[in-house]
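Structure first, then comments.
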Amino acid sequence: MNAPCPPEVTTPTDAEAAAKDAFFERIATLSEEMIAKFGPDFAMGALLLAARFIASKNAPAAPEAPAPQIITQP
């Protein structure tokens with residue numbers, strides 16, 4: 001019995017990995033600043049709101065609801 005082939009795994013280039021690491025460092029620095037100024041609850045809330053914003057930008061658009069009709073009596 002043959003095992004299925006694993007999906008192809010891609011590895012980031014060194015430049016891509018370094019660029020991502022730089023963003024993580026910036027996020028860590030910003031998080032530390034928010035915690036120092038406003039506390040951990042604010043920092044977590046701000047980062048969660050940012051994650052929700054990003055997720056909503058990637059979500060498929062909701063179908064547009066039809067405009068409501070106003071029916072008047074003759």
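Structural remarks
- For segment 21-26, putting each phi into the Karplus relation 6.51 cos²θ - 1.76 cosθ + 1.60 with θ = phi - 60° gives couplings of 4, 5, 5, 4, 5, 5 Hz, in residue order, rounded to whole numbers and with x for Gly and Pro.
- Rounded if a/c under 1.5, otherwise prolate or oblate - segment 16-57, Cα gyration tensor axes: oblate
- When you count the other C-beta atoms within 10 angstrom of each residue and take the mean per peptide, 32-43, 12-23 line up highest first as 32-43, 12-23.
- A simple charge model with +1 on the Cβ of Lys and Arg, -1 on the Cβ of Asp and Glu and nothing else charged puts the dipole of segment 16-57 at about 240 debye relative to its Cα centre.
Values quoted throughout were computed directly from the atomic coordinates according to the rules given, and no laboratory measurement underlies them. Quick caveat, the model's predicted, so the values are computed rather than measured. Cβ sites come from the backbone with ideal geometry, for glycine too, and all protein chains shown count toward neighbours.
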